[in-house]
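Each reported figure results from applying straightforward, stated rules to the coordinates on display, with no laboratory input. A quick note: this is a predicted structure, and the numbers were derived from the prediction, not measured. Cβ placement follows ideal geometry from the backbone for every residue including glycine, while neighbour counts extend to all protein chains displayed.
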Amino acid sequence: MTADDPTEHDREQDRNAEPTADGDSGREETRADGSGAGPGSTGTSDDAGGQVDENSKHEQLDEVRENPEGEKLTTDHGVKVSDTDNSLKAGERGPTIMEDFHFREKMTQFDHESIPERVVHARGTGAHGYFQPYDDPDLGDEYDDIEELTKAKVLTDSDQKTPVFTRFSTVVGSRGSSDTVRDVRGFATKFYTEEGNWDLVGNNMPPFFIQDAMEFPDLVHAIKPEPDDGMPQASAAHDTFWDFASLKPEITHMIMWVLSGRALPRAYRMMQGFGVHTFRLVNDDGESVFVKFHWTPKLGTHQLVWDETTKLWGKESDFNRKGLYDVIEEGYDPEWELGVQIFDEEQAEEFDFDVLDPTKIVPETEVPVRPIGKMVLNETPDNFFAEVEQVAFHPGNVVPGIDFSNDPLLQGRLFSYQDTQLNRFGGANWDEIPINRPITERHNNQRAGFMRQEINEGKVSYKPNSIGDDDPQEASAEEGGYEHYAEKVDGKKIRNRSDSFGDHFTQARLFWNSMSEPEKQNIVDAAHFELGKVERVEIRERMVYDLFNNVDHEFATRVAEGIGIEPPEEPGDEMPTHDREDPSLSMENRTPDTIETRKIAVLLDDGFDDEHVSELRSALEEEGARVKIISKVLGEKSGTEGETVEADKHHVAAASVAFDAIVVPGGEQSVDAMRQQGDPKQFVAEAFKHYKPIAALGDGIELFEDVELPDVDLAGDGDDLVSDQGVVTCRDDGELDAFVEEFVDAIAQHRHWGRDPKEVPA
Ligand code: HDD
């Protein structure tokens, strides 16, 4: 969606609405029950069912939003403050006096303003939006209607937009670590449904590292900084992680994903999401099918390259956080389709893996993903701490129609999340924090605990009771009461791993087989870095001989060659021989024809060609790209025909790694100036090295010639317009439209893996 979209304008107006005198944000109060109730109750009640819409959560949050515009400074207790710079002293140069309540309050608040960071997924960012089911989604031949499968209104009622809050995160690094590290990304969505909160707490990769929640503390201890020296930060590349991995063959499939470009997402909005586990959908008749949840980004699934990520650690360490914030603020609303893979118990029996094993995916070649709705993120938080830091997810938050499977990883998560919130918030009332509150009314007999917000009326806080007519009443299934799927379970208590969880290499091989050659090379290069950091040779050997050589012999050989290990002579005993592929696993097959939200750097200086710049800007912006002018210093730059443009960034504050593509317009004076400067050449060389589309017009081609791009044809020898490996050059202004078209195509491809940029010293 572009800024010209009418709905975008409406929302923008809403966002910018003048605050009212009492500090309200100005959003219209449209509470469904018309009451002025406080934050404890909400716009939805039993009587007002069905009135949830995309704004329902915002209306609830309005109750607690505060805006200081035009207001006087007060203490936390509402007393106006006359001086907040000087503490109260006994005499001009005397000691501070204890009765200075403002000093004590200010300091106490400050001393206590940090809360424990999440033990995993500490670093992240989030945004508000909505989810809307599609009308009559295509579920294939087997199922006609989504309502046949689930009674969850959030998934079936296409007239309803359910408000959501989604938080994306890295896993390993601490709250202040860099965004672009090699890591899994969290993708957690809280749906504020009319039937209570549903949290889909997933990742951007569909398998997981381990099969049983019991192993989670070990996994996390192994991957986090080592306990003696606290190093390294936000990285798996150290002995303890690979020691653990090399002794846990079940990790192999996930390791393939983590070594791939999936672990270096270009942007949160260009990332798939997965519920990982097999869940259940349950219908009105209490019948159930299995389901896997998939988020598919509208903008395609794209990655950064390793060298680029390491530079971003320094140059834009908030790269992914800023990316999400900026696009929404600039008026683009990132969008994902929610898809489901549906299969019943009989089908599940037929698979050559166990659907309860979270280290396995259900390949799309076996069960297609059926899109059933879309999520749009359209509003940044007002306050990072209150919303992003305090949002608390829990996979145990489900609504009628969605249920758990017996996946032992999922079962353990159902305990851990509730428990971890007690640590983070210091008490059980974290669900009352505004961002975590459901938009439904809540009635139960919980009354107390640290920081209780709700004021529950009445004498009764127990059941059964006669004094309060036994309210609140339990709800039958027909009245919306949650009933667990009545699965028949019968077994001996046993601490064991099912044999059906025993194949660790078939899907790892499927993943390897499904990669293009450049993607395979990325995996090998990543293994060279990660294992190259491992000091103990026996760990490197175990990874190569015991794990990788059971995935693919050639893969193991290529890894061994880079890390000082003797390549294995034969394939491993457990290496599956299948040659199956699943095209959906390769990111190269997830590149829709769009350049929406891509960031394009236009390098210029005074004396640029006006026509080039205005044509480029309007054509690229029309396609939804974001064009930024980069020059040596900030300020106005003048073109040959007298047009001026304002530089968005200057060289010291800009770097090619923050852009998706580079273009150099003509203009002799502008290009001559840039040829005397190192930074523009660095920009071009680095963008080329990172496989990005680059383009030059007229004199701009001379800058490319200076950089000496290896094995690339440039316009000049008889050809006015050349597009070679994502390098587009044009010498004839008459070809401007064709040039822009070629450049847009090159940007849509995202990266040009056919290049061999090794010689480029950027
Ligand atoms: Fe977890 C946070 C995703 C397995 C225990 N997890 C957390 C978050 C995400 C995931 C996205 C961040 C939520 C947020 O933004 O606040 N976790 C997953 C996925 C898993 C998974 C997709 C496997 C399918 N997790 C997992 C296991 C355990 C945990 C097996 C423990 C038994 N996860 C936690 C936690 C966290 C957490 C310790 C830390 C902060 C939090 O919960 O709220 O409880």
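Give the dimensionless ratio obtained when the Cα radius of gyration of region 505-589 is divided by 2.2 N^0.38 Å.
1.06
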Largest-first principal axis extents of the Cα set of region 327-376 (Å): 48, 21, 16
For region 45-139, the fraction of alpha-carbon pairs in successive 10 Å shells from zero, as %: 10, 22, 24, 22, 12, 7, 3, 1
Cα centroid separation, region 114-192 to region 350-371 (Å): 20 Å
Per-residue Cβ neighbour rank within 10 angstrom, fewest leading, Val181, Val391: Val391, Val181
Over 20 Å (Cα to Cα) - which of Lys628/Lys692; Lys298/Lys599; Lys72/Lys106; Lys360/Lys492 fall in this group: Lys360/Lys492
Share of Cα-Cα pairs in the chain lying beyond 51 Å, as whole percent: 20 percent
Cα gyration tensor of region 194-321 - equivalent ellipsoid semi-axes, whole Å, descending: 30, 22, 13
Computed log₁₀ I(q)/I(0) - Debye formula, equal Cα scatterers, no solvent, region 244-394, q 0.13 Å⁻¹: -0.82
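Would you mind getting the Kirkwood hydrodynamic radius of region 294-370 from its Cα pairs, rounded to one decimal in Å?
It is 16.0 Å.
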Percent RCO, i.e. relative contact order, over region 599-759, from Cα pairs under 8 Å lying at least 6 residues apart: 21 percent
Helix-only CD estimate at 222 nm, as mean residue ellipticity for the chain, using -39500 (n - 2.57) per DSSP H run (n ≥ 4): -7500 deg cm²/dmol
Antiparallel content of DSSP bridges confined to the chain, in %, to 5: 75 percent
Spherically averaged projected area in nm², based on the convex hull that wraps the Cα atoms of region 448-496: 7.6 nm²
Column: log10 I(q)/I(0), Debye, Cα scatterers of region 435-550, q = 0.09, 0.14 Å⁻¹: -0.69, -0.82
Per-peptide average of other Cβ atoms within 10 Å, ordering 733-739, 148-154 highest first: 148-154, 733-739
Distance histogram in 5 Å bins (all Cα pairs of region 669-745, percent per bin): 3, 17, 29, 25, 19, 7, 0
Relative contact order (%) - criterion: Cα under 8 Å, at least six apart; region: the chain: 11 percent
Semi-axes of the equivalent ellipsoid for region 80-193, Cα gyration tensor, largest first, Å: 53, 20, 10
Convex hull projection area averaged over all views, region 213-268, Cα basis, nm²: 4.7 nm²
Order of Tyr417, Tyr130, Tyr485 - criterion: other Cβ atoms within 10 Å of each residue's Cβ, fewest first: Tyr485, Tyr417, Tyr130
Volume of the Cα convex hull of region 180-220, divided per residue and given in Å³: 113 Å³
Quarter of Cα convex hull surface for region 599-759, i.e. mean projection, nm²: 8.2 nm²
Footprinting exposure proxy for Leu281, Leu585, Leu88, Leu697 (fewest neighbouring C-beta atoms within 10 Å first): Leu88, Leu281, Leu585, Leu697
In region 371-480, trypsin sites (Lys or Arg not before Pro) in a DSSP loop with at most 13 other beta-carbon atoms within 10 Å: Arg447, Lys459
